[in-house]
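Data block below; observations after.
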């Protein structure tokens with residue numbers, strides 16, 4: 001919950017500061033903003049059999065398939 005709170009607060013601060021086109025990210029121990037162009041330049045693929053995908057499906061998250 002604390003990480004979610006930190007992400008949300010960082011996102012709100014970014015909007016208040018007019019910093020659009022960024023993604024909130026965890027760079028331990030800090031929460032940072034990363035430009036979307038940088039994020040899209042090197043996509044990280046998640047294996048379909050990973051526990052992250054399994055958990056998302058169990059929670060009812062739509063993954064577009």
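Between residue 32 and residue 6, the simple spin-label model (points 7 angstrom out along Cα→Cβ) gives 1.3 nm. Report the label-to-label distance for residue 52 and residue 23 in nanometres (one decimal), using points 7 Å from each Cα along the Cα→Cβ vector. Here the answer is 0.9 nm between the modelled labels.
Across the chain, the relative contact order, built from alpha-carbon pairs under 8 Å that are at least six residues apart, equals 18 percent. Rounded to the nearest 0.05, the FRET efficiency derived from the C-beta distance between residue 61 and residue 16 at R0 = 35 Å is 0.80. Would you mind giving the three semi-axes, in whole Å and largest first, of the ellipsoid equivalent to the range 2-58 according to its Cα gyration tensor? The equivalent ellipsoid of the range 2-58 has semi-axes of 24, 16, 10 Å.
Just so you know, all these numbers are worked out from the coordinates, no wet-lab data involved. Quick caveat, the model's predicted, so the values are computed rather than measured. Positions of Cβ are backbone-derived with ideal geometry, glycine not excepted, and every protein chain shown enters the neighbour counts.
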